[in-house]
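Engineer: Pasting a structure below so you can have a look.
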Amino acid sequence: MFEELKNESIIPDLDENIKRIEAICNDTSDLLVNRFRCGNVNACLLCCEAMFSTAMITELVLHPLMWVPESINDAYTLFDFIQNKLLLSADRLEVTNYADLFRTLNSGFAVVIADGIPLALSFGVQGFERRSVGEPSSEGNILGSHEGFCEVIRINMSLLRRRLKSPLFHMELFTLGTECKTDVCLCYMHDRVSKDFIAQIKQRLRKIELEAILTSGYVRPFLESERAHIFDSVGTSERPDVVCAKLIEGRVALLIDGIPFALTMPKLITESFQTLDDYCFKPFYATFIRLLKYAAFFISIFLPSIYVAFGVHHPDMLNPTLMDILREGEEKAPFPLLAEALGVLLMYEIIRESGLRLPRGVGGTVSIVGGLIIGDAAVSSGLISTPMLTIAAVSVLSGFVISDFAPQIAILRIVFLICGGLFGLFGIAAGATVVLFNICATESFGYPISSPISPFDLKAMRDTALRLGFRRLQKGNFTIKKLRSGEHGDE
């Protein structure tokens, strides 16, 4: 539809123009058509109901138009006077086709058309209802900012600009989606990102031919490599300060209208173990927290599989005390160790998903009931052993520490559990090798996501597993540009 309207110029005759506009939108009820006479020219003000601010359209458009002299007799002179003598809105556009007319009209602009000119003037007077800037829900912190992105792209752009006042900070606004024409904004530091990198991103975005862009999941597959990969190569964040930190390091961010998250490229796997609070604490404590997160990641994935592998294939590797505890716990359990572990982990995923999707008031109740059933009734009835429930609980709680990897942890935990139950420690080692190879082979626009660990970069390690003080971090600004392994990305 939009592609066809791009080639259709605005009709100069006012009556025919209004008829054509109403025909295109099928006389939709939210289209407001207000005819008026400006000078000695018949004109019309178009706007979309509930998308504009009454105060702004009155102050910026209606009142100024009252000062148009009566001596103006043609539409060309009228539009020239409006453009050069009246300030009106600071955000104004000249529209020559119906595709741009409807895109601006449905974005909250007020559109002025006149009799005798194939042109329309659009003025930004947006005033639709929106969620205000609030605290991020998934990236909490203690000492940092409590501002998070909202659903309006221009507000999100201002949140970044307020923190990066440098003229080298560049934002490119364009649209995606053949029907919805969703606004998206590409953000980067001009001096820290190569032109080739930006060209690759734009090339991939041009491949998107979807009718609508309703969430970031519509765009991410086009920005990621087509090769099979376990971990994401495009990151997300709902914190403006975190996005600014990534931009300063030479990354690129993509804002999408209607989505309170920013996509960041490239994403390195080590980023998920870092938080903004790491830079508020003392270096020794921040380093301790990061090492704790790495340990929690491995515990959440490998602990159930190692427990089952020892119990089924390698009981001789346990000391007598642990062996007695395991034997006593599993004597009354009616299921094999592997089936028991799978049942507990799958039941947890069911409870987590139901608690997440249900309304908040009911979701908490589901979690409590699920915990009582599994934690108390299942153990008391002998369906599940106490050691197995303890191992599963520790694994699940460790996974909460790295919430960014929640989907990968849930799947890898079960995959390694099956490998350990069927083949013992050898199966776990083989599975870990496959995952490690996949991580090292995954790239994001030529940047290995395993950087700076593999390939190793000593300078980048100052803020990876360790976190040195700012007196040392400020010496030699680090950017990810030199971590790139190739000139043409991963396709």
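Engineer: Which order, highest average first, do 95-108, 313-326, 60-73 follow once you tally other Cβ atoms within 10 Å for each residue and take the mean per peptide?
Structural biologist: Packing proxy ranking, top to bottom: 95-108, 60-73, 313-326.
Engineer: Beyond a 23 Å Cα-Cα separation, which of these cross-linked pairs lie in this structure: Lys85/Lys165; Lys246/Lys475; Lys267/Lys459?
Structural biologist: Lys85/Lys165
Engineer: May I ask you to derive the FRET efficiency for Glu328 and Ser354 from their Cβ-Cβ distance with R0 = 41 Å, giving the value to the nearest 0.05?
Structural biologist: According to the calculation, E is roughly 0.80.
Engineer: Of all the Cα-Cα pairs you can form in the range 281-441, what percent are over 28 Å apart? Spell out each step's value before the answer.
Structural biologist: On the way: 3520 of 12880 pairs.
Cα-Cα pairs of the range 281-441 separated by over 28 Å account for 27 percent.
Engineer: I'd like the GluC sites (Glu not before Pro) in the range 72-147 restricted to DSSP loop residues with at most 12 other Cβ atoms within 10 Å, sorted by number.
Structural biologist: Numbers: sites: Glu94, Glu129, Glu139, Glu147; in loops: Glu129, Glu139, Glu147.
For GluC sites (Glu not before Pro) across the range 72-147 that sit outside H, G, I, E and B with at most 12 neighbouring Cβ atoms in 10 Å, the list reads Glu129.
Engineer: Please work out whether the range 73-192 counts as rounded, prolate or oblate from its C-alpha gyration tensor, where a ≥ b ≥ c are the square roots of the eigenvalues and a/c under 1.5 means rounded, while otherwise a/b larger than b/c means prolate and anything else oblate? Walk me through the intermediate numbers first.
Structural biologist: Working: a/c = 2.40, a/b = 2.13, b/c = 1.13.
The shape class here is prolate.
Engineer: Further question on the same structure: In degrees between 0 and 90, to the nearest 10, how far off the longest principal axis of the chain does helix 406-441 point, with axes built from Cα atoms?
Structural biologist: 30
Engineer: Continuing with the same structure: What per residue convex hull volume, in Å³, do the alpha-carbon atoms of the range 2-124 yield? Don't jump to the answer; show the numbers that get you there.
Structural biologist: On the way: hull volume 11.1 nm³, N = 123.
It is 90 Å³ per residue.
Engineer: Give me the lysines in straight-line cross-link reach of Lys181: C-alpha distance below 22 Å, same-chain residues under 8 apart excluded.
Structural biologist: Straight-line reach from Lys181, under 22 Å: Lys6, Lys202, Lys207.
Engineer: For the range 153-267, what does the equivalent ellipsoid look like in terms of its semi-axes, each the square root of 5 times an eigenvalue of the Cα gyration tensor, given largest first in whole Å? Before the final figure, lay out the partial values.
Structural biologist: Details: eigenvalues 87, 56, 37 Å².
Computed over the range 153-267, the values are 21, 17, 14 Å.
Engineer: While we're on this one: Which shape class applies to the range 389-448: rounded if a/c is under 1.5, otherwise prolate when a/b exceeds b/c and oblate if not, where a ≥ b ≥ c are the square roots of the Cα gyration tensor eigenvalues?
Structural biologist: Note, shape of the range 389-448 comes out oblate.
We did not get these values from a lab; they are worked out from the coordinates using the rules stated. In this text the structure is predicted, and so the values were computed from the model without any measurement. All Cβ positions, glycine included, derive from the backbone under ideal geometry; neighbour counts span all protein chains shown.
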